[in-house]
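Nothing in this text is a laboratory measurement; each read-out follows from the coordinates by a stated rule. As the structure is a prediction and not an experimental result, all values here were calculated from the model. A quick note on method: Cβ atoms are made from the backbone with ideal geometry, for glycine too, and the neighbour counts reach across all protein chains shown.
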Amino acid sequence: MAASPLQSASLLDSANELARRAAASSDEIDRERRLVPELAADMARAGMFRMLVPASLGGSELDFPDYLKIVDVFARANGSAAWCLNQNNVFATNSSRIPERTARRIWNDPLAVVTNGPPTPDSLAVPVDGGYRLTGRWNFSSGIRHASWVAALARVRDPQAIQGPMTDPDVGVTLLIPRDEVEILDVWNVTGLRGTGSFSFQVNDLFVPEIRSYGGDAPARNDGPIYVMSTVLMFAAGFGTVALGIARSALDTAIELAGAKTPVMTKALLADLSTTQRQIGLAEAQWAAARALLGEAVAGLWGEAQANRELSVDQRIRLRLAGTHAIRTSADVVDAAYNLAGATSVFADNPIQRRFQDVHVITQQAQGRMVHYDTAGKYFLGQTPEGFF
């Protein structure tokens with residue numbers, strides 16, 4: 001059962017208060033490369049990490065457009081907090097596919113957070129009696145330092161052909177592991193989205209019971225529209241929303257600065273220069289257009305999910321395009337704010353500097369790849385699209 005309007009409003013209220021705390025803690029979040037532990041725990045207690053978990057498991061089962069409103073609230077306050085929020089929530093939709101006994105074990109904990117990350121090519125799960133022996137490494141596990149469980153996707157190898165090639169390289173399984181059973185690798189030495197703490201983790205010949213595994217084709221037990229949507233597209237919309245929120249904050253900072261700063265070698269306020277006025281007008285148009293495109297694509301896809309419990313290629317392609325375009329355009333908007341602020345923007349204590357670093361990390365993530373424009377272009381040209389949509 002989807003969340004009621006009252007429950008959605010309550011979550012939004014909680015998000016506003018928690019986002020204010022995230023903004024106030026931004027320096028510590030960046031310095032420690034993690035969400036402040038007290039903040040992460042309070043976010044969990046407020047239900048911020050189970051907004052897309054089925055109601056039958058104690059989640060909010062929030063409508064996707066309402067969920068994105070909360071992502072936007074955090075994105076305007078702190079990019080790392082918003083990124084973790086989206087990463088951990090979208091993955092949690094798999095709670096509908098995980099064996100129910102395991103799902104209940106995980107989400108019966110009010111502080112439960114599950115993180116995941118892409119595997120390296122040599123990550124393998126070997127079937128044995130009662131489960132799998134797992135060996136491998138997984139990278140970019142956002143929020144792992146406040147997570148209680150990790151999810152490890154691995155290819156499955158026939159134990160009778162342990163020295164030979166994979167019997168089917170496309171066969172994979174995801175295994176759920178308590179975080180304290182994996183080795184966390186401190187590799188997150190980056191300039192942007194530092195607070196996501198997107199460390200790697202690894203295991204070596206770890207036994208994982210079969211009850212804590214599920215395949216990529218596992219059907220959802222719940223029939224809510226949120227479980228019709230693929231995680232790929234939910235990540236696209238969510239991370240596009242994160243980028244737009246970061247861009248909005250950067251642009252607002254530049255506008256405020258323009259009304260107070262007189263640039264070197266001029267006598268006029270920055271806001272009174274025609275070049276500033278043109279750049280602000282252009283940036284506002286770019287931001288609003290990208291946001292409108294994403295909102296239209298989300299509404300179209302969500303409408304299909306609600307009405308038909310299936311998604312057309314057309315709507316999937318449109319969301320694929322809109323999510324990537326939101327990310328790429330947001331970087332352009334932040335760049336405009338950065339350039340307008342001049343030397344002021346290069347200092348670490350200026351909010352534009354953090355947004356500049358954060359948004360350019362987002363452009364390097366899989367959802368921001370330029371190749372997604374190719375996928376959409378092929379479709380609109382009447383050709384068969386390729387890619388993740």
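Counting each DSSP H run of 4 or more residues in the chain as -39500 (n - 2.57), what helix-only mean residue ellipticity at 222 nm follows after dividing by all residues, to the nearest 500 deg cm²/dmol?
Calculated mean residue ellipticity at 222 nm is -16000 deg cm²/dmol.
What order, most packed first, do the peptides 53-59, 342-348, 124-130, 289-295 have when packing is the mean number of other Cβ atoms within 10 Å of each residue? Before the final figure, lay out each step's value.
Details: 53-59: 20.7, 342-348: 13.1, 124-130: 14.7, 289-295: 18.7.
Listed from highest to lowest mean packing, they are 53-59, 289-295, 124-130, 342-348.
What angle do you read, to the nearest 10 degrees and between 0 and 90, between the alpha-carbon axis of helix 351-362 and the longest principal axis of the chain?
40
Report, in degrees rounded to the nearest 10, the 0 to 90 angle that the Cα long axis of helix 274-308 makes with the longest principal axis of the chain.
Once rounded, the angle reads 30 degrees.
Rounded to the nearest 5, what % of DSSP beta bridges with both residues in segment 114-215 are antiparallel?
Of all bridge pairs located within segment 114-215, approximately 80 percent are antiparallel.
With axes computed from alpha carbons, what is the tilt in degrees of helix 5-24 against the longest principal axis of the chain, rounded to the nearest 10 within 0 to 90?
For 5-24 against the chain, the angle is about 70 degrees.
Taking 8 Å as the Cα distance limit and 6 or more residues as the minimum spacing, I'd like the relative contact order of the chain as a percentage.
16
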